[in-house]
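**Q** Mind looking over this structure? Questions follow.
The values are calculated or read from the model by the stated rules, or taken from the named source; none is laboratory data. Just so it is clear, the structure is predicted and the values come from calculations on it, not from any experiment. Cβ coordinates were reconstructed from backbone atoms using ideal geometry, including for glycine residues, and neighbour counts include every protein chain displayed.
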Amino acid sequence: MQSNGDERNFLIEYYRICRQKVAGNKYLELFADEKIRHSFQVVGCGNYIMRHEEVFHRRPPEFIKYGYETCLLHDIGRFREIELKNEHGLNHSCDHSQLSYEILSEYPQFAVPEILLPVKHHGHMIEELYRDADYLRLPPLLQEDVEHLAFLVRDADKIANLYLLKNVSRKSPEILHHLFLYHSEDKRLTPEILESFLSGRLSDRTKLKTASDWLLNYLAWFYDTNYLASFDFCSKTGCLRNLLNLLSEYIDSPADYQKIENCILHFITRKYQQKKG
Ligand SMILES: [Fe+2]
């Protein structure tokens, strides 16, 4: 496929082809619709962060363009993933960050470290970026740029999803519920997931078993959030309160819920003090 210079149409074309291939499978159609919407929402969140964070001010226009393109195209591999699920079954899993990276690598206008590296690792632990041989061979100033852009897409991706979660409730339509919680309304919290949360860690998604586990891990995203603007976005739009309310409905132990709420509020207050102090 050719990119005509308009990145939006480039992305929409991938979505359109995917949508055609999975036509008739209601779940995958909705999955694809959700992902194109999400891509534009991540752009909106990325713009919010770039407007509010000092590090993006006084940067050359091409740096801001990389930020925009990284946010817009980070999930382009989702459309390939959805096609693969259509071919091999819903349980077929693959690394959509890697797929996005592979697709963008084929286009010279996107094949620059400022886009490729943040996209390749947007769904991984950040340590994978720092270990990447392509990252390690960059000069220090370029490494710094890549890191800022990686933080940007990681934050924008998370806060866009946290914002969407506002539409999920215990009464959500089944598909929406499934897209976010993956499982039944099982309220039990896996002790291992609670333990990692209380010690300030995200859990590996493969360990998440119940809806409560998924919800708690969404809350753990705050541990992996970099810019204060992202926290501000979540508190101003009510995403944080909404997620806490949803968790309190799911988790059957009020004592566990209280520990969780105290832990995250304490973490966020400390983060503000550190950054502002
Ligand atoms: Fe995303």
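**Q** Got a number for residues in the range 85-115 being surrounded by 15 or more Cβ atoms within 10 Å (Cβ to Cβ), among the aliphatic types (A, V, I, L, M) and away from the ligand (no atom under 16 Å from the Cβ)?
**A** Qualifying residue count for the region: 1.
**Q** Further question: Are any residues in the range 69-97 out of contact with any His (no Cβ under 6 Å at 6 or more places or on another chain), closer than 21 Å to Asp155 by Cβ and touching a residue at least 40 places away in the same chain (Cβ under 8 Å), and if so, which ones?
**A** Kept after step one, since they are out of contact with any His (no Cβ under 6 Å at 6 or more places or on another chain), are these residues of the range 69-97: 69-73, 75-76, 79-80, 82-83, 86-96.
In the following step, the residues that additionally are closer than 21 Å to Asp155 by Cβ were identified as 69-73, 75-76, 95-96.
Residues satisfying the conditions are Glu69, Thr70, Cys71, Leu72, Leu73, Asp75, Ile76.
**Q** Going through the range 216-226 one residue at a time, which ones are within 12 Å of the chain's Cα centre (by Cα), in a helix (DSSP H, G or I) and hydroxyl-bearing (Ser, Thr, Tyr)?
**A** Passing the criteria: only Tyr218.
**Q** Could you grab me the full set of residues in the range 127-144 that are loosely packed, with under 15 Cβ neighbours inside 10 Å and either touching a helix residue (DSSP H, G or I) at 6+ places or on another chain (Cβ under 9 Å) or not in a helix (DSSP H, G or I) (or both)?
**A** Of the range 127-144, the ones loosely packed, with under 15 Cβ neighbours inside 10 Å are 127-128, 130-131, 133-134, 136-137, 139-141, 144.
Correct list: Glu128, Tyr130, Asp134, Leu136, Arg137, Pro139.
**Q** Go through Ser199, Ser203, Ser212 for me and flag whichever is in contact with a Phe, Trp or Tyr (Cβ under 6 Å, 6 or more places away or on another chain) and over 11 Å from Leu162 (Cα atoms). Explain how you work it out, then say what you get.
**A** Working: Ser199 fails: in contact with a Phe, Trp or Tyr (Cβ under 6 Å, 6 or more places away or on another chain); Ser203 fails: in contact with a Phe, Trp or Tyr (Cβ under 6 Å, 6 or more places away or on another chain).
Being in contact with a Phe, Trp or Tyr (Cβ under 6 Å, 6 or more places away or on another chain) and over 11 Å from Leu162 (Cα atoms) holds for just one of Ser199, Ser203, Ser212, which is Ser212.
**Q** Further, regarding this structure: Taking Ser105 as the residue in question, decide whether it is more than 24 Å from Asn217 (Cα to Cα), in contact with a helix residue (DSSP H, G or I) (Cβ under 7 Å, 6 or more places away or on another chain) and of a type in the set (Gly, Ala, Ser).
**A** Values: more than 24 Å from Asn217 (Cα to Cα): yes; in contact with a helix residue (DSSP H, G or I) (Cβ under 7 Å, 6 or more places away or on another chain): yes; of a type in the set (Gly, Ala, Ser): yes.
When the stated conditions are applied, Ser105 passes them.
**Q** Only one of (1) free of Cβ contacts under 8 Å to residues at least 60 places away in the same chain; (2) more than 26 Å from Leu142 (Cα to Cα); (3) of a type outside the set (A, V, I, L, M, F, W, C); (4) assigned to a helix (DSSP H, G or I) is not met by Gly24, so which one is it?
**A** Of (1) free of Cβ contacts under 8 Å to residues at least 60 places away in the same chain; (2) more than 26 Å from Leu142 (Cα to Cα); (3) of a type outside the set (A, V, I, L, M, F, W, C); (4) assigned to a helix (DSSP H, G or I), only one is false for Gly24: (4).
**Q** With respect to Glu147, is the statement that it is more than 16 Å from Glu7 (Cβ to Cβ) and surrounded by fewer than 21 Cβ atoms within 10 Å (Cβ to Cβ) true? Step through it out loud before you land on a result.
**A** Working: more than 16 Å from Glu7 (Cβ to Cβ): yes; surrounded by fewer than 21 Cβ atoms within 10 Å (Cβ to Cβ): yes.
Answer is yes for this residue.
**Q** Something else: Scan the range 33-46 and tell me whether some residue there is small (Gly, Ala, Ser), away from the ligand (no atom under 15 Å from the Cβ) and more than 21 Å from Pro113 (Cα to Cα).
**A** To start, the set of residues in the range 33-46 that are small (Gly, Ala, Ser) comprises 39, 44, 46.
Okay, now just the ones that are also away from the ligand (no atom under 15 Å from the Cβ), so none.
Within the range 33-46, none of the residues are small (Gly, Ala, Ser), away from the ligand (no atom under 15 Å from the Cβ) and more than 21 Å from Pro113 (Cα to Cα).
**Q** Further question: Regarding Leu104, is this residue part of a helix (DSSP H, G or I), among the aliphatic types (A, V, I, L, M), farther than 15 Å from Gly46 by Cβ and at pLDDT 95 or above? Show your work before the answer.
**A** Numbers: part of a helix (DSSP H, G or I): yes; among the aliphatic types (A, V, I, L, M): yes; farther than 15 Å from Gly46 by Cβ: yes; at pLDDT 95 or above: yes.
Against the criterion (part of a helix (DSSP H, G or I), among the aliphatic types (A, V, I, L, M), farther than 15 Å from Gly46 by Cβ and at pLDDT 95 or above), Leu104 qualifies.
**Q** For the structure I just gave you, tell me whether Tyr182 is on the phi > 0 side of the Ramachandran plot and either surrounded by 13 or more Cβ atoms within 10 Å (Cβ to Cβ) or at pLDDT 95 or above (or both).
**A** In short, yes.
**Q** Inspect the range 147-165 for any residue being part of a loop (DSSP other than H, G, I, E, B) and either modelled with pLDDT under 90 or of a type outside the set (A, V, I, L, M, F, W, C) (or both) and give the result as yes or no.
**A** Filtering the range 147-165 for residues part of a loop (DSSP other than H, G, I, E, B) gives none.
Within the range 147-165, none of the residues are part of a loop (DSSP other than H, G, I, E, B) and either modelled with pLDDT under 90 or of a type outside the set (A, V, I, L, M, F, W, C) (or both).
**Q** Hey, another quick one. Is it the case that the range 129-146 has a residue that's closer than 19 Å to Leu99 by Cβ, in contact (Cβ under 8 Å) with a residue 24 or more places away in the chain and in contact with a Leu (Cβ under 6 Å, 6 or more places away or on another chain)?
**A** no
**Q** Further, regarding this structure: Give the residue, chosen from Asp213, Asp232, that is in contact with a helix residue (DSSP H, G or I) (Cβ under 8 Å, 6 or more places away or on another chain), farther than 17 Å from Ile159 by Cα and in a helix (DSSP H, G or I).
**A** On the way: Asp232 fails: farther than 17 Å from Ile159 by Cα.
Just a single option satisfies the conditions, and that option is Asp213.
**Q** Name the single residue, out of those in the range 55-84 being within 15 Å of the ligand (Cβ to nearest atom) and assigned to a loop (DSSP other than H, G, I, E, B), that is surrounded by the most Cβ atoms within 10 Å (Cβ to Cβ). Step through it out loud before you land on a result.
**A** Filtering the range 55-84 for residues within 15 Å of the ligand (Cβ to nearest atom) gives 67-82.
Now narrow it down to the ones that are assigned to a loop (DSSP other than H, G, I, E, B): 74-75.
On the way: His74: 29, Asp75: 25.
Looking at residues that are within 15 Å of the ligand (Cβ to nearest atom) and assigned to a loop (DSSP other than H, G, I, E, B), I get His74.
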